[in-house]
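Peer 1: Sharing a structure with you now.
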Amino acid sequence: MSKKSKSEILKSLTLKLVVFSFVLVGCKTEKVKFEKPNILFIVTDDMGYSDFSPFGGEINTPNLQKLASEGVRISNFYTAPTCSPARSMLLTGVDNHLNGLGAMDEFIIDMTPHIPALRERDGYLGALNDSVMTIPEVLVREGYQSFISGKWHLGEHKDEWPYTRGFDKSYVLLQGASSHTGSPLMPITKGSLAELVENDMRVNPRKDFYSSLHFTDKFLDYLKERDKAKPFFGYLAFTAPHDPLECPEEYSDKYKGLYDSGYDKLRVKRYQELVKLGIFQKDITLGQKLAPSWESLSEDEKLRLSKSMEVYAGMIDFVDEQIGRVFEYLKSTNQYNNTIIVFLSDNGSAYQTLEEYSDSSPEYIKNNFDTSFDNIGRNNSAASIGEGWAQASMSPFRFYKGKTGEGGIRTPAIIKWNGMSKELKGTIDTEAIGHIYDLAPTLYELIGVNYSKLINTDKVHSLSGKSLVPFLKGDSANVHTDYLGWELHGNKALRKGKWKILWVFEPGNNHWELYDIVTDPGETKDLSKVHTSVFQDLLNDWEEYTTTKKIINLF
């Protein structure tokens, strides 16, 4: 055989080996290929624990029911007592007393004459401070694009708008609430505004504006306009069903007459449905009833309240339909399966009427809203569900929005991730205790972000939350074996395992109480004088919590 032939043979063998090597490497790369998931947060505003069908409610929510069948419902998931503190923790993973929302901006304005230096504290700005990084600020380093549509409520000055906190595109209501229809939008109190902004510009709502519809329209626009080569972080933050209650008439008409039997019966029925789902034990005592009995109301009061609840249900029904539009688009573009979806409400159901809000009055409402019976649910309506329906929505808990009782801080939560344990999919977990500030560290672990290496710990706070990934993978039944603490506007609480201490700021009730929250979710039996060592242990934890989170004792 000639030397030339040998050379050709060697070249041929070498080429085959190289090709074979590439094939092997290619196969190996395909197996370990890491495609970064899309992330979608969907948050409703003031929606109750049992309002929708995945948590036993009668309101028609087929899209969220389908999501629940694909994900896990966490029945012990916590948030904050009110809107902006909850949203601040959602976006940062850091306790609200450290991220700037130790108190709501509206509360700080009221308190400033009494505590002039309050807003000078970094944790009490009423807006996100510079000591935290938001999820979009982190994810941009990982090649993500991000957008938000809906409610912001984390700073009204231009240097506090979403586009300054990492969002590539944003279309938001800056304030905590406004009317859902109209152009311009009506603020709910005389001291507030109602401003829509897109990116760095103030904009006017369309003449046919309805919040849930047009926030979804804009969100879908952002999805369609995005760079398809990049993963996305999307935050769809509905302002519904926050009052004033308004929705298209055909949606509230679906529930006509359904609530005529009143909130007392609905509260019991909702609890019974939650028992059927396995969320609560049988024969627990419902939390203290705070509203007048339904039967004691006048016929006119019953009619107004029943119609208001019909509109509230219609608003949630409509939101579910909009969520379905987003899901359908993701499916049509083959993005649904690669999208982590989180759904929750920002806090418990709201009990106040518009007249009872700070810087409001019956005179202001009368002069700026149409309070007639026929206009309930229509444009410029001033309707609210009130205390009775709020407690029914938060059945079987005590209290509602604004309080640190379970009715103020426990939220219905659904998480869908294709990598979760098959045993969890479609189930309701009643053991794990999760918190809204756990979502950021969860995402970072799933994406592979080493957060501690991103931050200068002298300037940026570490994460307060814990990753839910071990729970979602089925490796751990627990998330928090330590304590979780809450404080807002004088209301306090701390939960550790099955035990919870509670301080409700109201006349005649300013003292600590102790509850076994598993057997007594309604917080009806104060055990502070029975389990004294447990009580003291939690009080010690409370002192540690207030110190580490730099909490100011305002009262």
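Peer 1: If a residue must be surrounded by fewer than 18 Cβ atoms within 10 Å (Cβ to Cβ), of a type outside the set (D, E, K, R) and within 20 Å of Y312 (Cβ to Cβ), how many such residues does region 265-290 contain?
Peer 2: So the count comes out to 2.
Peer 1: Something else about it: State all residues of region 104-114 that are assigned to a loop (DSSP other than H, G, I, E, B) and out of contact with any Leu (no Cβ under 7 Å at 6 or more places or on another chain); if no residue qualifies, say none.
Peer 2: Filtering region 104-114 for residues assigned to a loop (DSSP other than H, G, I, E, B) gives 104, 112-114.
Once the filter is applied, which keeps residues that are assigned to a loop (DSSP other than H, G, I, E, B) and out of contact with any Leu (no Cβ under 7 Å at 6 or more places or on another chain), region 104-114 yields M104, P113, H114.
Peer 1: Among the residues that make up region 360-379, is at least one of them under 24 Å from R87 (Cβ atoms), in a loop (DSSP other than H, G, I, E, B) and of a type outside the set (A, V, I, L, M, F, W, C)?
Peer 2: Restricting attention to region 360-379, the residues satisfying the condition of being under 24 Å from R87 (Cβ atoms) are 360.
Next, only the ones that are in a loop (DSSP other than H, G, I, E, B) stay: 360.
Pick out the ones that are also of a type outside the set (A, V, I, L, M, F, W, C) and you get 360.
Taking every residue of region 360-379 in turn, at least one turns out to be under 24 Å from R87 (Cβ atoms), in a loop (DSSP other than H, G, I, E, B) and of a type outside the set (A, V, I, L, M, F, W, C).
Peer 1: May I pose another question? What is the residue count in region 111-154 for residues that are polar (S, T, N, Q) and more than 27 Å from L220 (Cα to Cα)? Outline the logic, then answer.
Peer 2: Initially, region 111-154 is screened for residues polar (S, T, N, Q), giving 112, 129, 131, 134, 145-146, 149.
Subset that is more than 27 Å from L220 (Cα to Cα): 112, 129, 131.
Residues that pass the stated criteria total 3.
Peer 1: Is it true that D227 is charged (D, E, K, R), surrounded by fewer than 16 Cβ atoms within 10 Å (Cβ to Cβ) and in a helix (DSSP H, G or I)? If you could, list the steps in order and put the result at the bottom.
Peer 2: Numbers: charged (D, E, K, R): yes; surrounded by fewer than 16 Cβ atoms within 10 Å (Cβ to Cβ): yes; in a helix (DSSP H, G or I): no.
Here the answer is no, as D227 does not meet what is asked.
Peer 1: How many residues, within region 481-496, are outside any strand (DSSP E or B) and without any contact (Cβ under 8 Å) to a residue 60 or more places away in the chain? Step through it out loud before you land on a result.
Peer 2: Quick first cut of region 481-496, residues outside any strand (DSSP E or B) only: 481-482, 489-490.
Going one step further and asking which of them are without any contact (Cβ under 8 Å) to a residue 60 or more places away in the chain, we end up with 481-482.
Total meeting the criteria: 2.
Peer 1: Here is a further query. Working only within region 318-349, note down all residues that are out of contact with any helix residue (DSSP H, G or I) (no Cβ under 6 Å at 6 or more places or on another chain) and in a loop (DSSP other than H, G, I, E, B).
Peer 2: T333, N334, Q335, N337, N338
Peer 1: Out of G257, G234, G262, report the one residue that is loosely packed, with under 14 Cβ neighbours inside 10 Å and among the small types (G, A, S). First the steps, then the outcome.
Peer 2: Values: G234 fails: loosely packed, with under 14 Cβ neighbours inside 10 Å; G262 fails: loosely packed, with under 14 Cβ neighbours inside 10 Å.
Selected residue: G257, the only one of G257, G234, G262 that is loosely packed, with under 14 Cβ neighbours inside 10 Å and among the small types (G, A, S).
Peer 1: Could you look through region 373-421, keep only residues that are of a type in the set (K, R) and touching a Gly at 6+ places or on another chain (Cβ under 6 Å), and pick out the one that is nearest to G490 (Cα to Cα)?
Peer 2: Initial filter on region 373-421 (of a type in the set (K, R)): 378, 398, 401, 403, 410, 416.
This time we only want the ones that are touching a Gly at 6+ places or on another chain (Cβ under 6 Å), so: 398, 401, 416.
Values: R398: 17, K401: 14, K416: 35 Å.
Once the filter is applied, the top-ranked residue is K401.
Peer 1: Could you please find all residues in region 171-191 being out of contact with any Lys or Arg (no Cβ under 9 Å at 6 or more places or on another chain), of a type in the set (G, A, S) and surrounded by 22 or more Cβ atoms within 10 Å (Cβ to Cβ)?
Peer 2: If the condition is that a residue be out of contact with any Lys or Arg (no Cβ under 9 Å at 6 or more places or on another chain), of a type in the set (G, A, S) and surrounded by 22 or more Cβ atoms within 10 Å (Cβ to Cβ), then S178, S179 are the ones that fit.
Peer 1: Count, please, the residues in region 316-333 that happen to be more than 16 Å from K218 (Cα to Cα) and basic (K, R).
Peer 2: 1
Peer 1: Are any residues in region 504-529 in contact with a helix residue (DSSP H, G or I) (Cβ under 6 Å, 6 or more places away or on another chain) and assigned to a strand (DSSP E or B), and if so, which ones?
Peer 2: Once the filter is applied, which keeps residues that are in contact with a helix residue (DSSP H, G or I) (Cβ under 6 Å, 6 or more places away or on another chain) and assigned to a strand (DSSP E or B), region 504-529 yields only L514.
So that you can scan it fast, the table gives a plain yes or no per residue for (1) assigned to a helix (DSSP H, G or I); (2) surrounded by fewer than 18 Cβ atoms within 10 Å (Cβ to Cβ); (3) in contact (Cβ under 8 Å) with a residue 60 or more places away in the chain:
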residue	(1), (2), (3)
M420	no, no, yes
E423	no, yes, no
E431	no, yes, yes
T442	yes, no, no
L446	yes, no, yes
S464	no, no, yes
P470	yes, yes, no
V479	no, no, no
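Coordinate-derived values only; no laboratory data. What you see is a predicted model; the values in this text were computed from it and never measured. Positions of Cβ are generated from backbone atoms using ideal geometry, with glycine treated the same way; all protein chains shown enter the neighbour counts.
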